[in-house]
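First comes the structure, then the notes that go with it.
The values are calculated or read from the model by the stated rules, or taken from the named source; none is laboratory data. Remember, it's a predicted structure, so these values are computed and weren't measured experimentally. Cβ atoms come from the backbone with ideal geometry, glycine included; neighbour counts cover every protein chain shown.
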Amino acid sequence: MPTDHAHPIDWPAASSPMLHIEAGVATLTLNRPAQRNSLSDADLQVLLQHLDSIEADAAVRVLVLAARVQPQRPVFSAGYHMGGFEADASQGPQGFERVCAALARARTVTLCALNGSVYGGATDLALACDFRLGVQGMELRMPAAALGLHYCAGGLQRFVARLGLGAARRIFLLAQPLSADELLRLGYLDALVAPEALPTEVARWCHNLVQLAPLALQGMKQSLQEIALGEHNATAWREREAHTQRSADFAEGRAAFAQRRPAVFLGR
């Protein structure tokens, strides 16, 4: 049976990506383990719909991107389903690009639980998340150059902004597998654990994140990303700063600090 890290659910053998929300955490799970979680155009459309639902739900503070995998050779995702190129070589991959862009711009803090290897466009899907937790034994490969494909400019920009030009060159221009240890050293992974430890590590990160002030967290996430991409948006940065200073959450944070108790933030 495939394995997953998410909450116990009566899983179908295969389906489009599934959404589960509990205690401020939305878990989006890729659910085609036998197909190495390759994503069709229909799957990408479902992902976009789920992301829209999460964006509209103010109670959600953290989004986890997860996958069910085959235990014998766990693959988080093999990326875009190659048949989509045959259907329409000019339009097929654009759905993948839209999902990555939506994930990168998500209001919530996002975390990718990489419980297996990641290939092709899925390397970008994971990088579009704010954090990536990986498992020992996984690998990454971006085979675009070996297939004769120029990867989308938005993805290239994301790799350079988040990992630096040297790491981006190594990933895209060599088209060779990178081990989990190399991914940790390059900054692609934020944490690397044994496969059996991943559920606990994901839960620990989510527990920490949902306790932080959402206005401050979400505002700083947006500002950091804009700075990394070279988007000069000083007016918005000042407004986000001022908004948190006026917020009930900041008043609660100061009171909790003075009273030496945990703060309870409501996102207001």
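Check the stretch 217-237 and report whether any residue there is in a loop (DSSP other than H, G, I, E, B), of a type in the set (A, V, I, L, M, F, W, C) and touching a strand residue (DSSP E or B) at 6+ places or on another chain (Cβ under 9 Å). Among the residues of the stretch 217-237, not one is in a loop (DSSP other than H, G, I, E, B), of a type in the set (A, V, I, L, M, F, W, C) and touching a strand residue (DSSP E or B) at 6+ places or on another chain (Cβ under 9 Å), which makes the answer no.
Conditions (1) farther than 24 Å from residue 14 by Cα; (2) more than 13 Å from the chain's Cα centre (by Cα), marked per residue:
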| residue | (1), (2) |
| --- | --- |
| 60 | yes, yes |
| 65 | no, no |
| 74 | no, yes |
| 80 | no, yes |
| 93 | no, yes |
| 99 | no, no |
| 120 | no, yes |
| 149 | yes, yes |
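Only one entry in 214, 199 is in contact (Cβ under 8 Å) with a residue 40 or more places away in the chain, closer than 18 Å to residue 115 by Cα and either surrounded by fewer than 17 Cβ atoms within 10 Å (Cβ to Cβ) or not basic (Lys, Arg) (or both), namely 199.
Restricting attention to the stretch 155-168, which residues are more than 17 Å from the chain's Cα centre (by Cα) and either surrounded by 13 or more Cβ atoms within 10 Å (Cβ to Cβ) or under 24 Å from residue 102 (Cα atoms) (or both)? Selection gives 164, 165, 167, 168.
The residue of the stretch 83-114 that is modelled with the lowest pLDDT, among those that are in contact with a strand residue (DSSP E or B) (Cβ under 6 Å, 6 or more places away or on another chain) and among the polar types (S, T, N, Q), is 108. Scanning the stretch 217-235 for residues that are farther than 24 Å from residue 183 by Cα, surrounded by 13 or more Cβ atoms within 10 Å (Cβ to Cβ) and among the aliphatic types (A, V, I, L, M) yields 217, 220. Residue 147 meets the conditions (1) modelled with pLDDT under 95; (2) under 19 Å from residue 100 (Cα atoms) in every case but one. The failed one is (2).
Screening residue 173 against (1) in a loop (DSSP other than H, G, I, E, B); (2) surrounded by fewer than 17 Cβ atoms within 10 Å (Cβ to Cβ); (3) of a type outside the set (D, E, K, R); (4) assigned by TED's automatic domain parsing to the domain that holds residue 55 leaves a single unmet condition, (1). Exactly one residue out of 264, 193 is touching a residue at least 12 places away in the same chain (Cβ under 8 Å), assigned by TED's automatic domain parsing to the domain that holds residue 114 and of a type in the set (A, V, I, L, M), and it is 193.
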